[in-house]
Amino acid sequence: MLSTPVKRSAMLDFTPFLVSARYADLRLLARGSYGVVARAADRATKQAVAIKKVHAAFDTVADARHLLREVRLLRHLRHPHVLPLLDVDAPVDYKSWADVYLVMPLLDTDLEVLLAGVAAGRRKDLSDHQKRAIFYQLLSAVAYLHAAGVAHRDIKPGNVLLSKSAHVMLGDLGLARYIAPGEDTGLTQAVVTKSYRAPELFLSGASDKYTSAIDLWSLGVLLFSLYSPGFPLFSHRKGEGVLAAVKLTTQLDAICRVVGTPPPHGSSTSRWYMRRAAAHPPLPIDKWFATPAAAAAVPDDAKDLMLALLRFDPAERLTASAALAHPYVAEFANPADGAHPDRPAGWADCLEPGCEAGPPAAGAKPLTREDHKVRMWAEVAVYHPEIAARADAPAGVVPAPDPD
């Protein structure tokens, strides 16, 4: 009979942590709606790591499905600018298993913290070269994801992690999912932090119809934030940002007053909105910024890229791969960036819970919480093969196959 894994316990801000003894010196790093994150020293690799505790991971089908997707995507996607999953800590036993611990590299900061420091005057602004380098690395990560058919669906400064050497990694794939070619309906509406959300996600008649182009809108807002920290581009809150003096009703209203309402001959998304909205001309881009001096300090190629990404019609937005060739980031151009290994068509279908052996049969019952838990156990066994031989290990499910 296999022995129970040796664990280390800690109480971090009233939150209990129970992880492998290989992780020492646990300290609170961050807390959010996603869970609690601790920093630790990995005694096996001598590296600093971040450990995210997902509390009550199997309490709802939706939570379990999102977590399983995240783990499978992180295991299969490998890119220097996508935060990798180093370990999923092995649970003590299957029956009592409720919390999941994801282990990832620890970087020095994130873009949200950095820009908040600039806005508050606590730190010096990034140089233009640094901003271009950061954005290029981010574009490279997104181009890679999109080439794999994966939409991130939550790009924002807090999910852009940086090292002291300005190496960028895109993190938090908790809302990411594979979107098969032609699949643009029945998708979750509650994605992307509001300030970075594309207009199609606000359209009640079309908000379940979208593509990975929502990530490009988020990138456009993030690029603006690099040059205007603390001054939001799209906000319907009174007294905030470029529209501070305008009475607004919704976030979509704010978007249309900045980029303009779409023409009636545009996409179906544009036509749907134009039947319900007042027309607004686009605001000249130099009016987007807090002052004329702030606008003048932004390079023309940066403004051009913002305009190319922040198009109301998703079909007109620059793609991530095209953005990699934009003059704004031309100095960093590398043909290998954003490339994806050749994989068979539909390679990521097996990542979707319930599709490990192919599409589910017509009329198949939806997966339960227990079904997701069993599948997550199989994913943990990829990192800890020894748990597959435990007496309490569930049988009959293998991890999603590696398509590489």
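For the reader, a short list of remarks on this structure follows.
- Tallying residues that are in a strand (DSSP E or B) and small (Gly, Ala, Ser) within the range 111-166 yields 1.
- Matching residues in the range 8-31 - criterion: being crowded, with 18+ Cβ neighbours inside 10 Å and small (Gly, Ala, Ser): SER20
This table checks each residue for (1) modelled with pLDDT of 65 or more; (2) assigned by TED's automatic domain parsing to the domain that holds LEU86; (3) exposed (fewer than 15 other Cβ atoms within 10 Å of the Cβ).
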| position | (1), (2), (3) |
| --- | --- |
| PRO344 | no, no, yes |
| TRP347 | no, no, no |
| LYS365 | yes, yes, yes |
| HIS372 | yes, yes, no |
| MET376 | yes, yes, no |
| HIS384 | yes, yes, no |
| VAL398 | yes, no, yes |
| ASP404 | no, no, yes |
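- Of ASP253, ASP286, all but one fail to be charged (D, E, K, R), touching a helix residue (DSSP H, G or I) at 6+ places or on another chain (Cβ under 7 Å) and modelled with pLDDT of 80 or more; the exception is ASP286.
- Test set (1) modelled with pLDDT of 95 or more; (2) outside the structural domain of VAL374 (by TED's automatic domain parsing); (3) crowded, with 19+ Cβ neighbours inside 10 Å; (4) small (Gly, Ala, Ser) - ALA151 fails condition number: (1)
- Selection of the range 45-61 for residues being among the basic types (Lys, Arg) and crowded, with 18+ Cβ neighbours inside 10 Å yields LYS52, LYS53.
- Contacts under 6 angstrom Cβ, first residue in the range 201-222 being surrounded by fewer than 20 Cβ atoms within 10 Å (Cβ to Cβ), partner modelled with pLDDT under 80 and among the β-branched types (Val, Ile, Thr), 6 or more apart: ASP208/THR185; LYS209/THR185
- Residue match in the range 70-86 (condition: modelled with pLDDT of 95 or more, more than 16 Å from the chain's Cα centre (by Cα) and either surrounded by fewer than 21 Cβ atoms within 10 Å (Cβ to Cβ) or under 27 Å from GLU331 (Cα atoms) (or both)): yes
- For the range 32-44, the set of residues classified as in contact (Cβ under 8 Å) with a residue 12 or more places away in the chain and loosely packed, with under 13 Cβ neighbours inside 10 Å consists of ALA44 only.
- Residue match in the range 167-175 (condition: assigned to a helix (DSSP H, G or I), under 22 Å from VAL37 (Cβ atoms), modelled with pLDDT of 80 or more and not β-branched (Val, Ile, Thr)): no
- Filtered residue count, the range 30-51, keeping only those that are hydroxyl-bearing (Ser, Thr, Tyr) and within 25 Å of the chain's Cα centre (by Cα): 2
- Sole residue being farther than 20 Å from ASP154 by Cα and in contact (Cβ under 8 Å) with a residue 40 or more places away in the chain, chosen from ASP13, ASP25, ASP108: ASP108
- Between ALA64, ALA90, the distinction of being hydrophobic (A, V, I, L, M, F, W, C), crowded, with 19+ Cβ neighbours inside 10 Å, touching a His at 6+ places or on another chain (Cβ under 7 Å) and at pLDDT below 95 belongs to ALA64 only.
The values are calculated or read from the model by the stated rules, or taken from the named source; none is laboratory data. If you're wondering where the values come from, they're calculated on a predicted model, not measured in any experiment. Note that we place each Cβ from the backbone using ideal geometry, even for glycine, and neighbour counts take in every protein chain shown.
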